[in-house]
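Enquirer: Before I ask anything, let me first share the structure, which is written out below as structure tokens.
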Amino acid sequence: MNISIVQAMIDAIDKPAIFINQNYIIEAVNTPYRDTYPVDIKLGYSTCYQVSHRNNKPCDQCGEQCPMQESKKSGRAASVVHIHTTSEGQSYCDILMRPIFDGHGDLIGYLEILDKLAFASNRPSAGKMIGESEAFKTMLNKINRAANSDISVLLFGETGTGKELVSQALHSSSHRAEKPFVVIECTGLSDALLESELFGYEKGAFTGATTNKKGLVEAAEGGTLFFDEVGDIPLAMQVKLLRLFETQTYRPVGSVISKKANFRLVCASHKNLKQMVEKGEFRRDLYYRIAGFPINLPSLRERKSDIALIAAHFLAQSHEKKRFHKKALEKLSSYAFPGNIRELRNIVDQAVLLADEPVIYESDLPVLDEFIGEDNASMEGRNDQYPLTTNGVNLGKDIMTLNEVEDTYLAQVASTFKGDINSLADALGVSTRTLYRKLKKAGVKELN
Ligand SMILES: Nc1ncnc2c1ncn2[C@@H]1O[C@H](COP(=O)(O)OP(=O)(O)OP(=O)(O)O)[C@@H](O)[C@H]1O
């Protein structure tokens, strides 16, 4: 292997890139890669995992996927998303690992090329997509693949999973980033309104059209056109959209002249479009035109390990120096979040207002009523964790008020708890001050 030729090839790549041998040792590196890490890279000595992770073992021995091992298994290129320690701190990077063979078909090493994913973070950071679960990383990998091409992307996922945020990330990391990003909210628009909004109109096209007006397609010239809730587009309008997407031409309302359009198409829907196609509610040809590259946005239930991080992110946005108590986070983690990340943001905002102290306790959370895999009957089972059926409280017989239950429970716990007032407050998920207040109300003078 002629290393100077390899070095010349690496230098020709404008993204951060290295050539490594089968022992992870860096044999050639380009300047963008050197600039990415605050580490002195010694060719023939430094390893990729030392430089990018500060690890002394390969990633697969540190609980992460190793793209080289993936590539070894399949004999083909592999791509994974990792969090690297760069000059700018912890950063998401999408790594493409390509095996390189000599003229005899023998493996001589691997070419590694990085894409920095500036739109995502594993720490609270304003304006970024936050997460660190595997489901989140898989989604980042897909976003990055799509961003590098002009393919039509269909984002599908429940409400509040971040479809609009992802569409912005697709735009900002594409070659169209400097051009406009235009959102078309398809819900509740009639055929006529949607047509004039999209294509614009000529003066005199209809009553009230006193001047020519540009449409959103023209406003998005060179950039990205994002159709939110594309499943809500009326059937009659779908055929006009198909023509626009197929030919990239359109006619403003009242005009006889066609105009040329230039945009990248991104659509989103929380509805099952395939099912709509089967029922004849969405055109099949339009579906295949917009679903060039479908990306599934996982629900918050499918990325439970991200809940605490995203909650901390929204707390940081609130500018209040507060933090969640462990029990409050546990409760959030078992909640089903039908409204996904938008709902989590609302819960955090409310909890910040409801908490009197720097710690947000379970009791400061708004009422949450849908828990993962639990119906109302099994919700009662949750009380096993926080037993209300104590010696003094017989829930099966006479109805007691919640106040009475709380007082009786506190009296019981105070007489049996082994620990001081601070640890009891902690165990009950309230502040010490709140516990003093509640004990006073319950007529309890001291712990056992
Ligand atoms: N990964 C994330 N990290 C931080 N905030 C997020 C993330 N994903 C979404 N959000 C926030 O959650 C809220 C809802 O996101 P967005 O509007 O993109 O969801 P959506 O799927 O388009 O919702 P809908 O289907 O209701 O239109 C926004 O405030 C957005 O900034």
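Nothing in this text is a laboratory measurement; each read-out follows from the coordinates by a stated rule. What you see is a predicted model; the values in this text were computed from it and never measured. Virtual Cβ from ideal backbone geometry, glycine too; neighbours counted across all protein chains shown.
Enquirer: Could you tell me which of the pairs 137/163; 42/72; 163/321; 142/240 are separated by over 21 angstrom between their Cα atoms in the structure shown?
Expert: On the way: 137/163 15 Å; 42/72 25 Å; 163/321 29 Å; 142/240 29 Å.
42/72; 163/321; 142/240, as the Cα separations exceed 21 Å there.
Enquirer: Mind ranking 338-345, 56-63 by how tightly packed they are, going by the mean number of other C-beta atoms within 10 angstrom, highest first?
Expert: On the way: 338-345: 18.6, 56-63: 13.0.
Highest mean packing first, the order is 338-345, 56-63.
Enquirer: Sticking with this structure for a sec: Return a whole-number percent for the relative contact order of the chain, with Cα pairs under 8 Å and 6 or more residues apart as the contact set. Walk me through the numbers on the way to the answer.
Expert: Working: 761 pairs, mean separation 48.4, N = 448.
Result for the chain is 11 percent.
Enquirer: Most mobile of 324, 245, 417 per a Gaussian network model of the chain (Cα springs, under 10 Å)?
Expert: 417
Enquirer: How long is the gain from residue 278 to residue 242 if the chain were fully straight, where each residue apart is worth 0.36 nm and the alpha carbon distance is subtracted?
Expert: Numbers: separation 36, 0.36 × 36 = 12.96 nm, distance 1.80 nm.
Stretched fully, the residue 278-residue 242 segment lengthens by 11.2 nm.
Enquirer: Provide the gained length on full extension for the span residue 90 to residue 177, in nm with one decimal, where the gain is 0.36 nm per separating residue minus the Cα-Cα distance. Don't skip to the answer; put the middle values down first.
Expert: Values: separation 87, 0.36 × 87 = 31.32 nm, distance 2.36 nm.
Taking residue 90 through residue 177 to full extension adds about 29.0 nm, to one decimal.
Enquirer: Oh, and also: Around residue 261, with a cut-off of 9 angstrom between Cβ atoms, what is the net charge of the other residues, counting Lys and Arg +1 and Asp and Glu -1? Let's see the in-between values first.
Expert: Working: positive: 259, 260; negative: 218, 221.
So the environment of residue 261 carries a net charge of 0.
Enquirer: At residue 191 and residue 285, where each label point lies 7 Å from the Cα along Cα→Cβ, what is the point-to-point distance in nanometres?
Expert: The modelled label-to-label distance comes out at 1.7 nm.
Enquirer: In addition: Can you tally the net charge around residue 434? Count Lys and Arg as +1, Asp and Glu as -1, for every other residue whose Cβ sits under 12 Å from the Cβ of residue 434. Before the final figure, lay out the partial values.
Expert: Values: positive: 433, 437, 438, 440, 441; negative: 356, 357, 362, 364, 406, 426.
Spelling it out: positives minus negatives among the neighbours equals -1.
Enquirer: For every other residue with a beta carbon closer than 12 angstrom to the beta carbon of residue 63, add +1 if it is Lys or Arg and -1 if Asp or Glu, then tell me the sum.
Expert: Numbers: positive: 57; negative: 60, 64, 134.
After counting each charged neighbour, the total is -2.
Enquirer: What is the spin-label model distance, in nm, from residue 232 to residue 372 if the labels are put 7 Å beyond Cα along the C-beta direction?
Expert: 3.0
Enquirer: Still on this structure: For a quick protection proxy, order the peptides 329-336, 294-301 by their average other-Cβ count within 10 Å, most packed first. Show your work: numbers first, answer last.
Expert: Working: 329-336: 17.2, 294-301: 20.0.
Those peptides, ordered most packed to least, come out 294-301, 329-336.
Enquirer: Using Cα springs under 10 Å in a Gaussian network model of the chain, which residue among 114, 154, 353 shows the largest mean-square fluctuation?
Expert: Checking each option, the largest mean-square fluctuation is seen for 353.
Enquirer: With the chain treated as a Gaussian network of Cα nodes joined by springs under 10 Å, which of 169, 414, 219 yields the largest mean-square fluctuation?
Expert: Comparing 169, 414, 219 in a Gaussian network model of the chain, the most mobile one is 414.
Enquirer: Please work out the C-alpha center-to-center distance from segment 45-121 to segment 342-359 and express it in whole Å.
Expert: After rounding, the separation between the Cα centres reads 39 Å.
Enquirer: To continue, here is another question. Over all pairs of distinct alpha carbons, what does the Kirkwood formula give as the hydrodynamic radius of segment 95-161, in Å?
Expert: Numbers: mean 1/r = 0.0677 Å⁻¹.
Averaging 1/r across every pair of different Cα atoms and inverting gives 14.8 Å.
Enquirer: Please give the Cα centre distance for segment 202-256 versus segment 15-43, rounded to the nearest Å.
Expert: Going from one Cα centre to the other spans 49 Å.
Enquirer: Could you sort 40-52, 185-197, 262-274 so that the peptide with the highest average Cβ count within 10 Å comes first and the rest follow in order?
Expert: Per-residue Cβ counts within 10 Å, averaged per peptide and sorted highest first, yield 262-274, 40-52, 185-197.
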